[in-house]
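Enquirer: Before I ask anything, let me first share the structure, which is written out below as structure tokens.
The values are calculated or read from the model by the stated rules, or taken from the named source; none is laboratory data. In this text the structure is predicted, and so the values were computed from the model without any measurement. Note that each Cβ is placed from the backbone with ideal geometry, even for glycine, and that neighbours are counted across all protein chains shown.
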Amino acid sequence: MKRRWKAACGIVLAGIVGFGGVQAVPVYKQANSIFQRETKRPLVYAHQGGDGFAPSNTLEAFRLSNQLGVDGFETDVHLTKDGQVILMHDETVDRTTDGHGKVSEMTLAEIKKLDAGYSYLAPDGTYSYRDKGVKVPTLDEIFKEFPNMRYSIELKTNSKSLAEKVHRKIKQYHMEGKVSVASFHDDVLEYFQQISNREIAISASPTPVRNFVIAHLLHMDKISNLKSYQVFEIPLEASDITLATDRLVDSLHKRNIAVNFWTINDEDGVRKCLEIGADGIITDHPNIAIKVLNQELKTEK
């Protein structure tokens, strides 16, 4: 995610410098139900299910994060050869399983035979999930097991078929008010907006985000047309440009756009998100985020 963001933003943002002050930020009341929160505590999303302590995008990871009390899951989807929506970050199964090949060239049955815990290296240096029956899950499986969870779903390929299948699943499981959809592919995200009749929250793709950031740094925020989006999912900084400022967050809030930051894996990053009024924190280590947020908010009482 980080490499693709830098590639999308690096050339245009180079040389532009902007800084925002930090001050107490009131709770932002988002109109879209998926981003609503009653306190200023940001929502915590487990990135790829929480792959800091379990194999990425597996039910094992999602279950552990659910037990920790996360508010939502961030996950990635691909389409198999036989048209099934599975949870996987890469276009191949090579990095995270004991198999080889492109997801798009394998059937669900073939992928289900793979060990999705094979390559996971635990913090203690062991392959503790290898040969433990960990499988690559489908979108159906996670929706069935966690029907009340919030989801940030990234469409990993520029495929209309993938967009259609994901939209169908969201409707099938009545998840319209619990899901936001993202993609690095502008075309497929625009297509998803069309077929969903804008009834499902959309995370802005890199192009509108980049354009807004440039306008924001030049104090020309008002020229940005962001009516199609309900959330920005952005890093704390890109190409040496600080994005984690209260001014940027406030500018988006005035447009009724929530702001989630990724991938926040340290305590200082969590505190920064809380300080500037971020709506969500996407993290590999939700245990760290939850601990810090609980400590900070307890101190303020």
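Enquirer: Hey, among the residues in the stretch 163-183 that are part of a loop (DSSP other than H, G, I, E, B) and either small (Gly, Ala, Ser) or under 16 Å from LEU79 (Cβ atoms) (or both), which one's modelled with the highest pLDDT?
Expert: Within the stretch 163-183, the first condition is being part of a loop (DSSP other than H, G, I, E, B), and the residues that meet it are 173-178, 183.
Filter again for either small (Gly, Ala, Ser) or under 16 Å from LEU79 (Cβ atoms) (or both), leaving 177, 183.
Numbers: GLY177: 94, SER183: 98.
Among those that are part of a loop (DSSP other than H, G, I, E, B) and either small (Gly, Ala, Ser) or under 16 Å from LEU79 (Cβ atoms) (or both), it is SER183.
Enquirer: Which of the following residues is outside any loop (DSSP other than H, G, I, E, B), of a type outside the set (Gly, Ala, Ser), touching a His at 6+ places or on another chain (Cβ under 7 Å) and on the phi < 0 side of the Ramachandran plot: PHE192, PHE143? It would help to see each step written out before you state the result.
Expert: On the way: PHE143 fails: touching a His at 6+ places or on another chain (Cβ under 7 Å).
Testing whether each residue is outside any loop (DSSP other than H, G, I, E, B), of a type outside the set (Gly, Ala, Ser), touching a His at 6+ places or on another chain (Cβ under 7 Å) and on the phi < 0 side of the Ramachandran plot leaves just PHE192.
Enquirer: Among the listed residues GLU60, GLU38, identify the single one that is at pLDDT 95 or above and either outside any loop (DSSP other than H, G, I, E, B) or out of contact with any Asp or Glu (no Cβ under 6 Å at 6 or more places or on another chain) (or both).
Expert: Working: GLU38 fails: at pLDDT 95 or above.
After applying the criteria, what remains is GLU60.
Enquirer: In the stretch 155-184, how many residues are buried (at least 20 other Cβ atoms within 10 Å of the Cβ) and not polar (S, T, N, Q)?
Expert: 12
Enquirer: What's the total number of residues in the stretch 232-254 that are assigned to a helix (DSSP H, G or I) and among the basic types (Lys, Arg)? Walk me through how you get there before you give the answer.
Expert: The initial filter retains those residues of the stretch 232-254 that are assigned to a helix (DSSP H, G or I), namely 246-253.
When the remaining residues are screened for being among the basic types (Lys, Arg), the result is 247.
Selection size over the stretch 232-254: 1.
Enquirer: I'd like the residue in the stretch 260-298 that is among the acidic types (Asp, Glu), out of contact with any helix residue (DSSP H, G or I) (no Cβ under 7 Å at 6 or more places or on another chain) and in contact (Cβ under 8 Å) with a residue 40 or more places away in the chain and, out of all such residues, is nearest to ALA61 (Cα to Cα).
Expert: If we take residues in the stretch 260-298 being among the acidic types (Asp, Glu), out of contact with any helix residue (DSSP H, G or I) (no Cβ under 7 Å at 6 or more places or on another chain) and in contact (Cβ under 8 Å) with a residue 40 or more places away in the chain, then ASP284 is nearest to ALA61 (Cα to Cα).
Enquirer: Additional query: Of the numbered conditions (1) in contact (Cβ under 8 Å) with a residue 60 or more places away in the chain; (2) in a loop (DSSP other than H, G, I, E, B); (3) under 25 Å from GLY69 (Cβ atoms), ILE153 fails exactly one; give the number of that condition.
Expert: (2)
Enquirer: Would you be able to say whether some residue in the stretch 184-207 is farther than 26 Å from ASP284 by Cα and in contact with a Pro (Cβ under 7 Å, 6 or more places away or on another chain)?
Expert: Scanning the stretch 184-207, I find no residue that is farther than 26 Å from ASP284 by Cα and in contact with a Pro (Cβ under 7 Å, 6 or more places away or on another chain), so the answer is no.
Enquirer: In addition: Residue check: is ASN211 under 28 Å from GLY277 (Cβ atoms) and assigned to a helix (DSSP H, G or I)?
Expert: Details: under 28 Å from GLY277 (Cβ atoms): yes; assigned to a helix (DSSP H, G or I): yes.
Criteria met by ASN211.
Enquirer: Give the stretch 256-272 a look and list any residue that's crowded, with 17+ Cβ neighbours inside 10 Å and over 20 Å from GLY49 (Cα atoms), or say none.
Expert: Of everything in the stretch 256-272, those that are crowded, with 17+ Cβ neighbours inside 10 Å and over 20 Å from GLY49 (Cα atoms) turn out to be ILE257, ALA258, LYS272.
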